[in-house]
Each structure stands twice: as structure tokens, then as C-alpha cells.
Amino acid sequence: MKARITLLGSGTAVPTLKRNSPGLVVKVEFGDLSQNVQILIDPSAGSSQRLVRQGYPVEDLTHVLITHFHPDHTGDLVPLFFALKNPRFEKVGRSAPLQIHGPPGLNQLIKGLRGVYGHWIDLGDRVAIIERQAPGGELYFSNPLFKITAVQVEHSENSCAYRFQFPSGKIFVYSGDTDYCQGIIDASQNADLLFLECAFPEGEKKSGHLTPSEAGKVANTANVSKLVLTHLYPECEGKDLISPCREHYSGSVIVGEDGLSFDL
């Protein structure tokens with residue numbers, strides 16, 4: 001098994017020249033091509049184009065995971081559905097529909113979008129909308145060789161982090177947006193790689209988000225091997241994010257950048 005995780009956007013809803021809106025893509029190859037998966041997490045505006053730019057064809061997507069329903073985490077759903085309506089993608093043979101997973105409220109979101117755009121984004125049986133009935137709980141995909149768990153975190157209603165566990169024992173976690181809470185610590189336990197939001201620099205704490213010292217506390221408490229700080233607002237530019245984090249965490253710390261990739 002080989003897994004590659006690429007950060008598609010290390011920024012926020014605030015447009016900047018350096019950072020795109022949040023999201024990442026996970027490509028898992030098992031040797032048997034029929035079992036390979038390509039997962040887009042948090043389809044922010046423009047993420048479909050960034051997928052292609054990073055070498056991940058849109059037609060290879062097997063799953064889309066949504067952490068919560070803020071626009072900077074869902075803004076590319078309509079463009080993605082509309083793109084996949086194109087005849088060139090309609091002809092691509094798929095063994096299973098594209099699965100869209102998300103917290104309670106996902107069905108309502110998709111219904112509302114279809115109410116506006118109608119058949120232009122209706123993919124019929126080529127897409128499966130899978131809404132968790134309660135925050136948290138394990139998500140078992142059609143591929144039985146690895147497990148994804150959704151864990152509720154403190155941000156907006158039903159926000160969640162996603163924990164990936166592979167047969168090799170390797171674990172990586174994507175926090176979505178979160179404040180300091182037990183949920184993100186539980187989700188991150190013994191992770192080899194943690195993509196953790198660090199929205200604002202030290203001394204500029206905002207409710208629902210983390211500062212560098214809080215990110216360090218999460219990583220330390222959860223015994224994380226490598227920490228990648230992401231979801232960085234413009235206030236973070238030019239600020240020292242590493243030192244406050246290091247006061248609580250001695251492991252590897254990286255300030256995330258768009259296009260950064262890791263292999264597990």
C-alpha cells in the first residue's frame with residue numbers, strides 16, 4: 001500500500017496571493033487498481049483545478065469528505081458536480097458512485113444546491129450522498145483495507161476531524177477547523193502526521209480556532225510524530241508560529257504551504 005497526502009490549500013476564506021482556501025487530497029494505491037482511492041477533503045473554491053495541477057485527475061475521485069459547512073470548505077461542490085456532468089467524464093467507467101460524506105446537514109446542503117442549479121449539478125446514480133446520523137463514529141468505505149473515523153470537534157455545529165488508519169499502522173489526521181478541545185486530542189492520538197489548523201498567531205486568539213501554543217499542546221498531548229500547521233489567516237504571515245508551538249511540543253513542526261506533499 002502507498003498513500004500520498006497533498007495540501008491543496010493552507011489558507012482560509014480570506015483571499016491572498018500565497019495561500020488558497022482549505023483542503024487536501026489523499027491518494028491511496030493498493031497494487032490492485034480496482035481498490036485504489038482518491039479522496040478530496042473540504043472542496044474549497046478552486047480545489048478541482050488545484051487537484052489537476054497537482055496531478056490528481058478529477059475523474060479519479062472516489063470520495064469527497066466535508067468537515068463542516070462553511071463556504072471556504074464547500075465552495076467547490078457546485079463546480080465539481082457541474083464539471084462531472086460534462087460528457088467526457090460521463091463516459092469514464094466507474095465501478096462505484098462518487099461518495100460525498102459529511103456531518104448532519106449534508107443532505108439539506110445538497111438539496112438546497114440542487115434547488116438553485118437543478119439538473120446541471122444532478123449526477124443521478126453517479127454520486128452517493130452519505131450523511132452521518134450523529135456526530136462522530138467510524139466511516140467504513142467500500143475499500144475494506146483502511147479505516148476513516150470522524151470525530152466531533154469544537155467549531156461550528158457538528159464540525160469534525162478525520163482520522164485515517166492504514167493497514168501498515170500509519171495514521172494521519174486532518175483537523176478541519178477546531179478550537180482546543182478533547183475531540184481533536186482524541187482524533188490525533190499517536191498520529192504519524194497531523195494537519196492541524198493554526199488560524200491566528202500567538203496573542204490573537206479567536207473563538208473556534210487555534211493559536212500556535214494550543215496547536216503544540218494538542219500535538220504533545222496526543223503524542224503526534226509530525227505536525228503541519230495549516231488554515232493560516234493573513235495575520236499569520238511574517239509571524240513566528242514555530243516558537244510558541246515548540247514551548248509545548250518537541251516533535252517535527254512544519255508551517256504548511258499549498259502543494260506540500262507527504263508519503264505514508
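The values are calculated or read from the model by the stated rules, or taken from the named source; none is laboratory data. This structure is a prediction, so every number in the text was calculated from the model and none was measured. With ideal geometry, Cβ positions are generated from the backbone for all residues, glycine too; neighbour counts draw on all protein chains shown.
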Buried (at least 17 other Cβ atoms within 10 Å of the Cβ), touching a residue at least 12 places away in the same chain (Cβ under 8 Å) and not in a loop (DSSP other than H, G, I, E, B): does that describe T178?
-> no
Which ones in region 76-93 are out of contact with any His (no Cβ under 9 Å at 6 or more places or on another chain) and either on the phi > 0 side of the Ramachandran plot or surrounded by fewer than 20 Cβ atoms within 10 Å (Cβ to Cβ) (or both)?
-> V78, P79, F82, A83, N86, P87, R88, F89, E90, K91, V92, G93
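Looking only at helices (runs of 4 or more DSSP H) that fall completely inside region 75-141, which ones have 3 or more residues that are modelled with pLDDT of 90 or more?
Answer list for region 75-141: 77-84, 106-117.
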Which members of region 189-202 meet the condition of being touching a helix residue (DSSP H, G or I) at 6+ places or on another chain (Cβ under 6 Å), within 18 Å of G23 (Cα to Cα) and in a loop (DSSP other than H, G, I, E, B)?
-> C198, F200
In region 206-252, the residues that are touching a Lys or Arg at 6+ places or on another chain (Cβ under 7 Å), within 19 Å of S188 (Cα to Cα) and crowded, with 22+ Cβ neighbours inside 10 Å = T211, G216
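If you go through region 203-233, how many residues are not in a helix (DSSP H, G or I) and not aromatic (F, W, Y)? Steps first, answer last, please.
Step one: of region 203-233, the residues not in a helix (DSSP H, G or I) are 203-211, 222-233.
With the extra rule that they be not aromatic (F, W, Y), the set shrinks to 203-211, 222-232.
Residues flagged as not in a helix (DSSP H, G or I) and not aromatic (F, W, Y) within region 203-233 amount to 20.
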Would you mention how many residues in region 224-242 are of a type in the set (G, A, S) and touching a residue at least 12 places away in the same chain (Cβ under 8 Å)?
-> 1
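If you go through region 10-23 one residue at a time, do you hit one that is within 23 Å of L232 (Cα to Cα), crowded, with 17+ Cβ neighbours inside 10 Å and hydrophobic (A, V, I, L, M, F, W, C)? Walk me through how you get there before you give the answer.
First, the residues of region 10-23 that are within 23 Å of L232 (Cα to Cα): 10-23.
Still in the running and crowded, with 17+ Cβ neighbours inside 10 Å: 10-12, 19-23.
Filter again for hydrophobic (A, V, I, L, M, F, W, C), leaving none.
No - not one qualifying residue is present in region 10-23.
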Filter result (in contact (Cβ under 8 Å) with a residue 40 or more places away in the chain, part of a loop (DSSP other than H, G, I, E, B) and in contact with a Ser or Thr (Cβ under 9 Å, 6 or more places away or on another chain)) within region 15-47 = K18, R19, N20, S21, P22, D42
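Starting from residues that are among the charged types (D, E, K, R) and without any contact (Cβ under 8 Å) to a residue 40 or more places away in the chain, keep the ones in region 54-75 and report whichever is surrounded by the fewest Cβ atoms within 10 Å (Cβ to Cβ).
Of region 54-75, the ones among the charged types (D, E, K, R) are 59-60, 72.
Restricting the remaining residues to those that are without any contact (Cβ under 8 Å) to a residue 40 or more places away in the chain gives 59-60.
Values: E59: 18, D60: 14.
Checking each candidate, the answer is D60.
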